[in-house]
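The values are calculated or read from the model by the stated rules, or taken from the named source; none is laboratory data. Please read all numbers here as calculations on a predicted model, not as lab measurements. Cβ: placed from backbone, ideal geometry, glycine included. Neighbour counts: every protein chain shown.
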Amino acid sequence: MGNEIDRTARIVDSTVGSTEIREYVTVHDSDIGDECQIYERTSIKKCSIGDTIDINAGCYIENAEIGDHVQIGPNCSIVGVTHELSEDGMTFQNDIFERIILHHGVFIGAGAVVGPGVEIGERTVLSAGSTVVDDVGSEKIVLGSPGTARCRSTRLDD
């Protein structure tokens, strides 16, 4: 796979390996490895993305470290940014960055949400529509919203 970046994509202050980037993708302040496919209308900011990654259409990913061989379904939100809430409310535009880590072989189903500061272990599956706000160990299946981890009965290959 060569570097195939659609003319409508916007890449700013980032490095991109031998990767395919489709229509209307934005990448800011990020490093993207080799053999990745990033599909339409995805936004990536402040991320480190490994090799052999599929990020499906309509995803928003900010402040995340993504290991190799990870698949992310369409319309997912993986956002490592939050705001402090006090008795007086939230301070406008006072972002707090809490890095998200997705280890090797993670699979994230369509429409899933991963909250700030969450770490997902190797070969874990987050089901479609799940919401994950706590760390999840390796080789688990997470179902529901809020997500509940279950032990995996079989092991997935790369």
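Values as computed for the structure displayed
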item	result
Residues of region 46-101 classified as of a type in the set (A, V, I, L, M, F, W, C), farther than 15 Å from residue 112 by Cβ and assigned to a strand (DSSP E or B), total	8
Which numbered condition residue 80 fails, given (1) under 10 Å from the mean Cα position of the chain (by Cα); (2) within 22 Å of residue 12 (Cα to Cα); (3) at pLDDT 95 or above; (4) not aromatic (Phe, Trp, Tyr)	(3)
Within region 118-138, tally of residues that are buried (at least 18 other Cβ atoms within 10 Å of the Cβ) and outside any strand (DSSP E or B)	6
Check on residue 23, farther than 21 Å from residue 114 by Cβ, of a type outside the set (Phe, Trp, Tyr), part of a loop (DSSP other than H, G, I, E, B) and at pLDDT 95 or above	yes
Selection from region 130-158 of residues that are at pLDDT 95 or above and at positive phi	139
Which listed residue, of 36, 76, 47, is touching a Cys at 6+ places or on another chain (Cβ under 7 Å) and either buried (at least 23 other Cβ atoms within 10 Å of the Cβ) or not charged (D, E, K, R) (or both)	76
